[in-house]
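Written out below as structure tokens is the structure these notes cover.
The values are calculated or read from the model by the stated rules, or taken from the named source; none is laboratory data. The shown structure was predicted, so the numbers you read here are calculated from the model rather than taken from an experiment. Positions of Cβ are backbone-derived with ideal geometry, glycine not excepted, and every protein chain shown enters the neighbour counts.
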Ligand SMILES: C=C(O[C@H]1C=CC=C(C(=O)O)[C@@H]1O)C(=O)O
């Protein structure tokens, strides 16, 4: 584990310093105002109703074992006198991972509630776009995954592809984030710093978990169909998803896993018998809202995130075999795509969202990611189309449409 401090201000309130500010923004500061105040290096987690903007760094804590990371954070918060820590877990939290969970104890925290919307900002067009792998290769990977499911006795694996965008000037991350928040008001727009000065930005519909006191809530999403600009086609796509046997199987694998993973922590667990049909601006999904009552109130939101991640919504089942298959077939490291992003406070409350519908921004380039669950009945062309539709969350925020 490494814990670095940065900045001039001393670290411990025990030394007579003031604890970091918990600024509850009231009055004119709406969630959209906080999204507009985001600058690269900050952490943002917002819907149209609620926003958390964390700025500055009192302490950075990095650790490849998410359970050790989770157990270190209460001590770090107590030492620094800070109200909360924010950050990201990578996709790969397995024993051989080289990618650490990356948490920051911020210097200042702004929170805001209320409804808000904001106009979109213009963005420059990319100079170059490259699909990694090519669409044809992604379809070949889907076929290989379907064969491997049978050969290796796996129920599901989630395969992703990427789009690399290169620009002639630094990517204006602030405007991408503002547009994501404006375009996805019901979902979680997030931005977090990554090691090496990169940023992860996205707008995800999927909450891995929220802990509020003894209540834990999870809203797994699995099973997808593209939205359509034509209302009749759009309705038909939703209906096709609701009745799709293949998508019900894909969804059930995730719910089975989550129920099994949550049960040891919960006195009660409420799991609806059927998934519900929900939408993002780009995609129809199946989702099942799960609510539980924690048996042990000392289990923090980050402990739970470390225990639940990676779910079969972004990895597969069984976890180890699916992760191996993903690493064999995908021609890139996922890093923080399909990880978790969120916050945990001194009471143990917090929210961790599944880091999908996202891009990693370097200086003048960005990599967009989109994946889909592969089960024995998956069709390569439909899986390609699904990832194309999932890219739309980010492409729409960039002012770009399909065809890039
Ligand atoms: C892996 C992604 O989506 C997951 C979440 C919801 C639905 C999914 C699906 O239907 O395949 C995926 O499991 C992604 O957007 O990159």
If a residue must be closer than 15 Å to residue 301 by Cβ, surrounded by fewer than 24 Cβ atoms within 10 Å (Cβ to Cβ) and within 16 Å of the ligand (Cβ to nearest atom), how many such residues does region 198-212 contain?
1
Within region 272-287, restricting to residues that are more than 13 Å from the ligand (Cβ to nearest atom) and within 24 Å of residue 370 (Cβ to Cβ), the one that is surrounded by the most Cβ atoms within 10 Å (Cβ to Cβ) is 281
Filtering region 361-393 down to residues that are more than 9 Å from the ligand (Cβ to nearest atom) and in a strand (DSSP E or B), which residue is farthest from residue 204 (Cα to Cα)?
365
Residues 249, 254, 259: which one is more than 16 Å from the ligand (Cβ to nearest atom) and either at pLDDT 95 or above or within 30 Å of residue 324 (Cα to Cα) (or both)?
259
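Per-residue answers, yes or no, for (1) under 17 Å from residue 67 (Cβ atoms); (2) more than 16 Å from the ligand (Cβ to nearest atom); (3) without any contact (Cβ under 8 Å) to a residue 24 or more places away in the chain:
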| position | (1), (2), (3) |
| --- | --- |
| 243 | no, no, yes |
| 270 | no, yes, yes |
| 289 | no, no, no |
| 299 | yes, yes, no |
| 313 | no, no, no |
| 316 | no, no, no |
Check 377, 355, 305, 322 and return the single one that is buried (at least 21 other Cβ atoms within 10 Å of the Cβ) and either out of contact with any strand residue (DSSP E or B) (no Cβ under 9 Å at 6 or more places or on another chain) or under 20 Å from residue 184 (Cα atoms) (or both).
355
Test: residue in region 213-220 that is more than 13 Å from the ligand (Cβ to nearest atom), closer than 14 Å to residue 279 by Cβ and over 21 Å from the mean Cα position of the chain (by Cα)
no
Picking from 319, 300, 346, 291, the residue that is in contact with a helix residue (DSSP H, G or I) (Cβ under 6 Å, 6 or more places away or on another chain) and at pLDDT 95 or above would be 346
Considering only region 245-263, state which residues are in contact (Cβ under 8 Å) with a residue 24 or more places away in the chain and more than 22 Å from the chain's Cα centre (by Cα).
245, 246, 248, 249
Being within 16 Å of the ligand (Cβ to nearest atom) and surrounded by 13 or more Cβ atoms within 10 Å (Cβ to Cβ) narrows it down to one residue among 135, 126; which is it?
135
